[in-house]
Amino acid sequence: MSTVTESTLGQIGRLSEREHQVLVLLASGGTNQALSRRLGVTEGTVKAHVGRILLKLGLESRTAAAVAAVRYLHPCTCGGSTAETPMPKV
């Protein structure tokens, strides 16, 4: 599966704190090198985190993970949702 669904977004809670940080940074479109500098870890560590994120969310690509991150951080409030829906904690 590579489509980001509500079920995918619901799985974000399964991520470790560091995986969550990496997912949020993926939304910025940064490279593994940029993410590793930002987090103070090696590129290999970032790759490992991205791999676990893909597994836990059932996604096939880094791009799908970035899309999931953007949808999680900026949920659509059009059609059906209300302004009372709380923003997710980051």
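The values are calculated or read from the model by the stated rules, or taken from the named source; none is laboratory data. Just so we're clear, the structure is a prediction, and the values are computed from it rather than from any experiment. Don't worry about glycine lacking a Cβ; one is built from the backbone with ideal geometry, like all the others, and counts go over all protein chains shown. The accessibility values were calculated without ligands, DNA or RNA, using every heavy atom of the protein model including side chains. Shrake-Rupley method; radii C 1.70, N 1.55, O 1.52, S 1.80 Å.
Among what's in the stretch 34-62 and is without any contact (Cβ under 8 Å) to a residue 12 or more places away in the chain and among the polar types (S, T, N, Q), pick the residue that is most open to solvent (accessible area, probe 1.4 Å). Explain how you work it out, then say what you get.
Residues of the stretch 34-62 without any contact (Cβ under 8 Å) to a residue 12 or more places away in the chain: 34, 36-37, 40-45, 48, 51, 54-55.
Filter once more, so that each one left must be among the polar types (S, T, N, Q): 36, 42, 45.
Values: SER36: 10, THR42: 87, THR45: 49 Å².
Per the stated criteria, the residue is THR42.
Applying the selection to the stretch 1-26, what residues are open to solvent by less than 70 Å² (accessible area, probe 1.4 Å) and among the β-branched types (Val, Ile, Thr)?
VAL4, THR5, THR8, ILE12, VAL22, VAL24
Filter the stretch 2-32 down to the residues that are at pLDDT 90 or above and of a type in the set (S, T, N, Q) and list them by number.
Selection gives SER16, GLN21, SER28, THR31, ASN32.
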